[in-house]
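A quick write-up on the structure given underneath.
The values are calculated or read from the model by the stated rules, or taken from the named source; none is laboratory data. Quantities reported herein were computed from a predicted structural model and do not represent experimental measurements. Cβ placement follows ideal geometry from the backbone for every residue including glycine, while neighbour counts extend to all protein chains displayed. When the accessible area is computed, the model is the full protein with side chains, heavy atoms only, and any ligands, DNA or RNA have been set aside. Shrake-Rupley method; radii C 1.70, N 1.55, O 1.52, S 1.80 Å.
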Amino acid sequence: METHISCLFPEILAIIFSYLDVKDKGRVAQVCAAWRDASYHKSVWRGVEAKLHLRRANPSLFPSLQTRGIKKVQILSLRRSLSYVIQGMPHIESLNLCGCFNLTDNGLGHAFVQDIPSLRVLNLSLCKQITDSSLGRIAQYLKNLEVLELGGCSNITNTGLLLIAWGLHRLKSLNLRSCRHVSDVGIGHLSGMTRSAAEGCLSLEKLTLQDCQKLTDLSLKHVSKGLNKLKVLNLSFCGGISDAGMIHLSHMTHLCSLNLRSCDNISDTGIMHLAMGSLRLSGLDVSFCDKIGDQSLAYIAQGLYQLKSLSLCSCHISDDGINRMVRQMHELKTLNIGQCVRITDKGLELIADHLTQLTGIDLYGCTKITKRGLERITQLPCLKVLNLGLWQMTEICYSVKGSSTRLQ
């Protein structure tokens, strides 16, 4: 007796369909009635984010999404009222409005008019017309929000952060990239330093403050005192923080990842403070901090030896610094030393001899390395990614000055 795929139970078809990409999930629904019914099973669409252009009325759109169990939506272009989305998907869990430049406080205010307890993730990145007024609405009606993306919302001020600190007590991730008006006062609100007005967002685990130019070491003091659960902190391009601020961060025992990229006032002294504290960092980025030198590598080896990822691009380090670091860094998997022009083949030989767990290394712009050093690096047993410049080497053959080498 011959068997055919059409003989499979709908539950089995649904399992098969769940492995397809989004376009193919839609195509199988057009094959026949049995496949259509199976493809509408909610397990097929679990975790899928619908990407929508809201241009004209489509009465079947949101009922179709609800039938599939889709609860995540990204709006690619918004030419209709946002309330159209909220009304059509009352159990929405994730709403991505990134880049919707025409979204205003008025439009968001008309959409958020009652509690939306299901909404956990809201992305307003690059919605440049959004102001503190919208944050008031969000704090009032989105009490269960866990992720809020405000990167590039340059009209947000400390008042908006006070509103967030007042209403969003379950927030775990907050992105304030390039919110140029945010200062130490706003970070104090988030950290619960103004308890009389707002409790603070004390459950925060990830905080992005990239390019917030008004922040100083006082912000780091607030963070260290109030945000004890913080795991990821991005301070890249924050020119107002200094070595003294690292003293505050050095005692944040839950902090796993710290980004200090292009923080011009961070030097070897700041790294010393971090290394002497109780940190258990797994990731550290001090790329383009031109006051970081070989002494920092010695401090890292002494107190931050558990790092799995270390970025030192364009720092003033040499083979001597590499020599002082590599013997202690047994867990290091990713090392970025691009544009470190003092590194030579000797440094690469030290890396190849001691950093045996490395899976990726960036050597872009290391002008003093030669074929000999590269051949040593490619012998690392776990190496998968080698970046030498305009292209990235993976598990393929590549040419190095006329010779062919393979990453094993």
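Numerical summary
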quantity: Per DSSP, loop trypsin sites (Lys or Arg not before Pro) in the stretch 49-101 with at most 11 further Cβ within 10 Å; calculated: 55, 56, 79
quantity: Given charges at beta-carbon only (K, R positive; D, E negative), |dipole| of the chain in Debye; calculated: 840
quantity: Integer Hz, Karplus 6.51/-1.76/1.60 couplings in order for the stretch 189-195, x for Gly and Pro; calculated: 4, 4, 8, x, 7, 10, 4
quantity: Heavy-atom accessible area ranking, 1.4 Å probe, most first, across 137, 46; calculated: 46, 137
quantity: Accessible-area value, residue 206, 1.4 Å probe, nucleic acids and ligands omitted, Å²; calculated: 90
quantity: Amide H contacts under 5 Å for residue 318, placed H, 5+ residues apart; calculated: 294
quantity: Accessible surface ranking that places the most exposed of 113, 326, 121 first, with a 1.4 angstrom probe; calculated: 113, 121, 326
quantity: Whole-number percent relative contact order across the stretch 143-301, with pairs defined as alpha carbons under 8 Å at least 6 apart; calculated: 17
quantity: Charge-dipole axis of the chain as Lys and Arg at +1 and Asp and Glu at -1 on Cβ define it, positive-most pick from 347, 119, 251; calculated: 119
quantity: Probe 1.4 Å, all protein chains present, accessible-area order of 149, 375, 11, largest first; calculated: 11, 375, 149
quantity: Surface accessible to a 1.4 Å probe, residue 232 within the full protein complex, Å²; calculated: 50
quantity: Potential lengthening between residue 170 and residue 349 on full extension [0.36 nm per residue; Cα-Cα distance subtracted]; calculated: 59.6 nm
quantity: For residue 368, distant residues with modelled amide H under 5 Å away; calculated: none
quantity: Estimated 222 nm signal from helices in the chain, with DSSP H stretches of n ≥ 4 weighted -39500 (n - 2.57), rounded to 500; calculated: -8500 deg cm²/dmol
quantity: Coil-residue chymotrypsin sites (Phe, Trp or Tyr not before Pro) of the stretch 244-310, DSSP, other Cβ within 10 Å capped at 16; calculated: 305
quantity: Table column - 3J(HN,Hα) (Hz), the stretch 112-127, Karplus curve with 6.51, -1.76, 1.60, x for Gly and Pro; calculated: 9, 10, 8, 4, 10, x, 7, 6, 10, 10, 9, 10, 10, 4, 6, 8
quantity: Area of residue 195 that stays accessible when all protein chains are in place (1.4 Å probe, Å², to 10); calculated: 150
quantity: Where labels lie 7 Å past Cα in the beta-carbon direction, separation of residue 197 and residue 64 in nm; calculated: 4.8
quantity: Cα centre as origin, Lys/Arg/Asp/Glu Cβ charges: the stretch 264-402 dipole, Debye; calculated: 240
quantity: Candidate lysines - alpha carbon under 22 Å from residue 346, same-chain residues fewer than 8 apart omitted; calculated: 333, 368, 371, 384, 401
quantity: Percent RCO, i.e. relative contact order, over the chain, from Cα pairs under 8 Å lying at least 6 residues apart; calculated: 6
quantity: Cα-based shape type of the chain, given that a ≥ b ≥ c are square roots of the gyration tensor eigenvalues and the cut on a/c is 1.5; calculated: oblate
